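Take a look at the structure below.
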């Protein structure tokens, strides 16, 4: 049996880093970890290939080879997924689909032959057994949650490693919190399920063995969902593993209560973590209560961010406007918070209600759903009818993007961040792509870009004030180039 795994293309989004990847000669930020894990769950005697449409085009030769196509996708990949399914059906190929997009939108894909939904560790095996007997059903789903100790090492050998900027591994699934706009708990539950440290080390060893020396993203939705285990077991194991490994760096996602634990932050930095994404959402207490973001309430969020930065972790963050309790002042408050906190990578989006969330159910009950969620955090769309007029909401949203990614405020924010940040204890190995990024940034940003004055001012300031952080300053300048490209498209 010839199985073709296909990862649909991501549109040009905030997190695609498409324009930043040009500087380092890469095609995609991350590989399709879900499909690589599914590949390890397939029968060993099947021939398996992967086509990541973010790296190369799906060709007719690929389709001619395949007996069956397995496609996995997130909501933001919806349009590319539709095109790929149509091509497969036109070629007479059986299509098996899974992942968050198909789990929430089965009815939108009538041409898919079989849906293997929820967590593949539970639903793939019964599908394969029925398929061998010739009696496969159309939908395989479960309300249960997988035991991650049974999750195999992903099939890294299917990747063109040099095409990717980072690799991803997963330590845990689930989140103890219950934010009403978030689909994580709807898909993966509240109970935090973890892999043992030895299992994570085995995955890292497998990556290292095939020659990976770049950054690794722990894709957990909340890396510190079980703080005790992370502190006492996983992080000590990572610290031991990194010895002699040439400075491989990690980054992840976590909740703001990370700021309450200096020991945890110190251990993460010692283990090689240098970035963490945190959902800030809003500085407005009534809006935090509205969306049940209880972990962010009654805190000095700016000081929390700075405490994390001073510990040696760059904070990337998500922000939302469009809550029912938002007042016209929220747009300037968001701008002020982002600038004061020094959060350089600040993703600001309009509130959306993903299918399966409590927010979606409430909006449907109130008759306020206007469309399906786009899955793109910063495309300027919302699928709910807001309390604030849509015109005022979009105008205020454009005002935020116009300000925070304009060269002046953006480069000022980098300096605010660098004043707090102490940087990683060990740098990653210098690669050819890093040298290319430097020279390309000098040309595109320092000579032909409209931000050239701010670019040179930043580099000179960093060289004299924080010389050890010059690589970070250049990387963040390159990120800004990407963010301006994406925001300009959406504002237009």
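The values are calculated or read from the model by the stated rules, or taken from the named source; none is laboratory data. As the structure is a computational prediction, the values presented were derived from the model and not from experiment. Methodologically, a virtual Cβ is constructed for each residue, glycine included, from the backbone with ideal geometry; neighbour enumeration extends over all protein chains shown.
Listed values, structure above:
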| quantity | calculated |
| --- | --- |
| The range 102-111 - residue that is buried (at least 21 other Cβ atoms within 10 Å of the Cβ) and in contact (Cβ under 8 Å) with a residue 40 or more places away in the chain and, of those, farthest from residue 4 (Cα to Cα) | 104 |
| Any hit, the range 299-319, residues being out of contact with any helix residue (DSSP H, G or I) (no Cβ under 8 Å at 6 or more places or on another chain), buried (at least 17 other Cβ atoms within 10 Å of the Cβ) and either at pLDDT below 95 or in a strand (DSSP E or B) (or both) | yes |
| Within the range 264-287, tally of residues that are farther than 21 Å from residue 227 by Cβ and part of a helix (DSSP H, G or I) | 3 |
| Subset of the range 282-298 (residues that are touching a helix residue (DSSP H, G or I) at 6+ places or on another chain (Cβ under 8 Å), surrounded by fewer than 22 Cβ atoms within 10 Å (Cβ to Cβ) and free of Cβ contacts under 8 Å to residues at least 60 places away in the same chain) | 283, 284, 297, 298 |
| Meets criteria (touching a strand residue (DSSP E or B) at 6+ places or on another chain (Cβ under 7 Å) and either in the same structural domain as residue 274 (by TED's automatic domain parsing) or free of Cβ contacts under 8 Å to residues at least 12 places away in the same chain (or both)) for residue 330 | yes |
| Residue within the range 387-396 that is surrounded by fewer than 18 Cβ atoms within 10 Å (Cβ to Cβ), farther than 21 Å from residue 304 by Cβ and at pLDDT below 95 present | no |
| Residue that is surrounded by the most Cβ atoms within 10 Å (Cβ to Cβ), among those in the range 210-237 that are out of contact with any helix residue (DSSP H, G or I) (no Cβ under 9 Å at 6 or more places or on another chain) and part of a helix (DSSP H, G or I) | 232 |
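Results for (1) surrounded by 19 or more Cβ atoms within 10 Å (Cβ to Cβ); (2) out of contact with any strand residue (DSSP E or B) (no Cβ under 7 Å at 6 or more places or on another chain), shown as yes or no for each residue.
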residue: 95; (1), (2): yes, no
residue: 98; (1), (2): yes, no
residue: 113; (1), (2): no, no
residue: 151; (1), (2): yes, yes
residue: 164; (1), (2): yes, no
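Listed here are the residues, each with its yes/no results for (1) touching a residue at least 24 places away in the same chain (Cβ under 8 Å); (2) under 20 Å from residue 14 (Cα atoms); (3) not assigned by TED's automatic domain parsing to the domain that holds residue 274.
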site	(1), (2), (3)
419	yes, no, yes
425	yes, no, yes
435	no, no, yes
442	no, no, yes
460	no, no, yes
465	yes, no, yes
471	yes, no, yes
487	yes, yes, yes
